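See below for the structure under consideration.
Each value in this text was obtained by applying a stated rule to the coordinates, not by laboratory testing. Since the model is a prediction, treat every value here as computed from it, not as a measurement. Quick reminder, even Gly has a Cβ in these numbers, built from the backbone with ideal geometry, and neighbours come from all protein chains shown.
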Amino acid sequence: MKFKLIAGILLLVVALITACQNDGELEFKRYYTGGAAIYKQKCQNCHGNNGEGLSSLIPPLTDSVFLKKNRDYLPCLVRNGVKETVLTINSKAYEGSMPPNGDLAPMDIAKVLTFVTNSFGNRQGTITVDVVEKDLAACR
Amino acid sequence: MKKIAGAIFLLLAVAACNLKENKSKLPILGTREPVTKTVNGKQVTDTVYQTIPDFKFVNQYGDSITQNSLKGNIYVADFFFTSCPSICPIMHRNMLKVYKEFKNVPDFKIISHTIDPKHDSVAVLKKYADKLGITGNSWWLLQGNKEATYTLGQKHYLVAMSQDDGTPGGYVHQGWFVLIDKQHRIRGYYDGTREDEVNKLIGDIKTLRAEVNTEIAQ
């Protein structure tokens, strides 16, 4: 009897965990595929099909360390762009401007960032809309 | 006997291929008009093709560039501006491919006209060239009178462009790469934002160079 109860509880726990995982995976996929479409429309012309950038003019999106270190700043960067700023990416200095994307909703920013930070050799998991909204509120 | 027939057939097939290759020629584009002249008392009708007229601009090194500077060259022309957020980066990513393919070829050049000469001074163009990674004299970024640039683009290269403060970057333009031969005639238009069209351009430049060389040889 006791054995059956323990087995039942265990089974329930396992079922719950897998269900949660699937939910997380599903969410990631939704963000990622949505982000891929936004990337194509908004970012690809400059940053390239494979996030390779353009010579020393436009930085690549392949610097995982930069993306990780500046995670909190990425939503502001996408929404407000950068103006005459020097960014060091892959230990190379990039000087110039990126146009703002004021028309992107926090959800779109979350999607496109999830796409970028999980493509081109990056692997950072989902950046959710909640996180993005919090970061946007703190933009300088 | 059969073997000989096979060999002859093969030879013919190869010859036919070669014949076809020699004949491949790029079309001559733009407007044209027949001109009838009297030569030695006989009426002769000749076709006069549209050509790119002379111009005077300054390149990224501050040198004056005219039609004369391009004498004996075939070239590809496009229109851009350095602060362009839309199609220019992809155009010049593709143009870099053309540049790398032909940068050591003596009779080929690329010229990119800025449509925003107020912002794109010689110094700005030089910096852009450095960042893009282009050196030497096979790719010139040209700057000059704005009206002259627009007239050249719209009336002679037949590409559309305009200033519009409502669009990102402030200018509307198309991403055409225009191929010009040594006689200043238009020989091809290629969408500079599309990789497949730019690959076709690279092929057509080779065809055009071969064609010009045979003309000289005759």
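If I take R0 = 22 Å and measure r between the Cβ atoms of B:LYS155 and B:THR47 in this structure, what FRET efficiency does the formula 1/(1 + (r/R0)^6) give, to the nearest 0.05? Spell out each step's value before the answer.
Numbers: r = 20 Å, r/R0 = 0.91.
My answer for the efficiency is 0.65.
In whole Hz and in residue order, list the ³J(HN,Hα) couplings for the stretch B:58-66 that follow from phi through the Karplus curve 6.51 cos²θ - 1.76 cosθ + 1.60, θ = phi - 60°; x for Gly and Pro.
Running phi through 6.51 cos²θ - 1.76 cosθ + 1.60 with θ = phi - 60° gives 10, 8, 5, 9, x, 7, 6, 10, 10 Hz.
For chain A, take the longest principal axis of its alpha carbons; what is the angle in degrees between that and the long axis of helix A:106-116, to the nearest 10 within 0 to 90?
90 degrees
Sorting A:VAL13, A:VAL78 on the 10 Å Cβ count, fewest up front, what's the list?
A:VAL13, A:VAL78
Going by C-beta contacts inside 10 Å, put A:VAL65, B:VAL105, A:VAL112 in order with the fewest on the left.
Arranged by neighbour count, lowest to highest, A:VAL65, B:VAL105, A:VAL112 become A:VAL65, B:VAL105, A:VAL112.
Scattering from the C-alpha atoms of the stretch B:52-217 alone, worked out with Debye: what is log10 I(q)/I(0) at q = 0.14, 0.15, 0.19, 0.20 1/Å?
With no solvent term, the Cα-only Debye profile gives -0.67, -0.77, -1.32, -1.48.
May I ask what percent, to the nearest 5, of DSSP beta bridges between residues of the protein assembly as shown are antiparallel? Don't skip to the answer; put the middle values down first.
On the way: 31 of 42 bridges.
Once the DSSP bridges in the protein assembly as shown are tallied, antiparallel ones form about 75 percent.
Could you compute the net charge surrounding A:PRO106? Neighbours are other residues with a C-beta less than 13 Å from the C-beta of A:PRO106; K and R count +1, D and E count -1.
-2
Report, for the stretch B:52-217, the % of DSSP beta bridges that are antiparallel, rounded to 5.
Working: 15 of 26 bridges.
That works out to approximately 60 percent antiparallel.
Calculate how steeply helix A:2-42 sits against the longest principal axis of the alpha-carbon atoms of chain A, using the helix alpha-carbon long axis, and give the answer as 0 to 90 degrees to the nearest 10.
Around 20 degrees separate the two axes.
Which of the pairs B:LYS131/B:LYS200; A:LYS69/B:LYS126; A:LYS83/B:LYS118; A:LYS29/B:LYS100; A:LYS111/B:LYS103 have their Cα atoms more than 30 Å apart in this structure?
Result: A:LYS69/B:LYS126; A:LYS29/B:LYS100; A:LYS111/B:LYS103 exceed 30 Å.
Suppose every Lys and Arg Cβ carries +1 and every Asp and Glu Cβ carries -1, with no other charges. What dipole size does the protein assembly as shown come out with about its Cα centre, to the nearest 20 debye?
That gives the protein assembly as shown a dipole magnitude of about 1000 debye.
Taking each pair of different alpha-carbon atoms in chain A once, compute 1/r for the pair, average those values, and report the inverse of that mean as the Kirkwood hydrodynamic radius in Å to one decimal.
This gives a value of 16.6 Å.
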